[in-house]
Amino acid sequence: LPDRLPTISVVTPNHNHAACLPKCIASVANQSWPVLEHVVVDDASTDDSISVLEALAEANPRLKVIRSERNQGVSLAVAKAIEAAKGDFVIALASDDELPRQSIESFMKVI
């Protein structure tokens, strides 16, 4: 048996989904399985995404925000988030999606 349980990082690319971010981030924070970190890469949003992310990060120390100065597209934003992630496993989640509460626990049972 392993000495410790594997850790999970959730990575989320974001571009102009400020209105969706609170529910997305809350769905990760409220998982039944502990999440090591939630890395969000903002891909040069022009809406209020950065201010929303900064406020959410103040309340959630596991939320890490990376800001791109220019829009590079979803693939590069995901790659940047994965590069920054420290978990044993990485789960990608779009910024306009939410994870049901048992999602990561179910994933961990499978692996």
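The values are calculated or read from the model by the stated rules, or taken from the named source; none is laboratory data. Every value quoted in this text rests on a predicted model; they were computed, and no experiment measured them. A quick note on method: Cβ atoms are made from the backbone with ideal geometry, for glycine too, and the neighbour counts reach across all protein chains shown. Calculation scope for accessible area: heavy atoms of the full protein, side chains included, ligands and nucleic acids excluded. Shrake-Rupley method; radii C 1.70, N 1.55, O 1.52, S 1.80 Å.
Per-structure values
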| read-out | value |
| --- | --- |
| Selection within the range 87-101 - out of contact with any Ser or Thr (no Cβ under 6 Å at 6 or more places or on another chain) and either at positive phi or open to solvent by 60 Å² or more (accessible area, probe 1.4 Å) (or both) | Phe89, Ala92, Asp96, Asp97, Pro100 |
| Tabulated pairs, the range 82-111, first within 23 Å of Ala18 (Cα to Cα) and touching a residue at least 40 places away in the same chain (Cβ under 8 Å), second charged (D, E, K, R) and open to solvent by 80 Å² or more (accessible area, probe 1.4 Å), C-beta under 6 angstrom, 6+ apart or interchain | Glu98/Lys23 |
| One residue from Ser32, Ser27, Ser9 being farther than 20 Å from Gln72 by Cβ, of a type in the set (S, T, N, Q) and in contact with a Phe, Trp or Tyr (Cβ under 8 Å, 6 or more places away or on another chain) | Ser9 |
| Residues of the range 2-22 satisfying the condition of being farther than 14 Å from Val52 by Cα, surrounded by 13 or more Cβ atoms within 10 Å (Cβ to Cβ) and not hydroxyl-bearing (Ser, Thr, Tyr) | Ile8, Val10, Val11, Pro13 |
| Considering residues of the range 56-111 that are basic (Lys, Arg) and assigned to a helix (DSSP H, G or I) only, the residue modelled with the lowest pLDDT | Lys109 |
| So Leu76, is it of a type outside the set (Ser, Thr, Tyr), open to solvent by 60 Å² or more (accessible area, probe 1.4 Å) and either out of contact with any Lys or Arg (no Cβ under 7 Å at 6 or more places or on another chain) or farther than 12 Å from His15 by Cβ (or both) | yes |
| Residues being closer than 13 Å to Ser103 by Cβ and either open to solvent by less than 20 Å² (accessible area, probe 1.4 Å) or in a loop (DSSP other than H, G, I, E, B) (or both) - total across the range 23-33 | 7 |
| Any hit, the range 50-62, residues being among the basic types (Lys, Arg), surrounded by 13 or more Cβ atoms within 10 Å (Cβ to Cβ) and under 14 Å from Pro13 (Cβ atoms) | no |
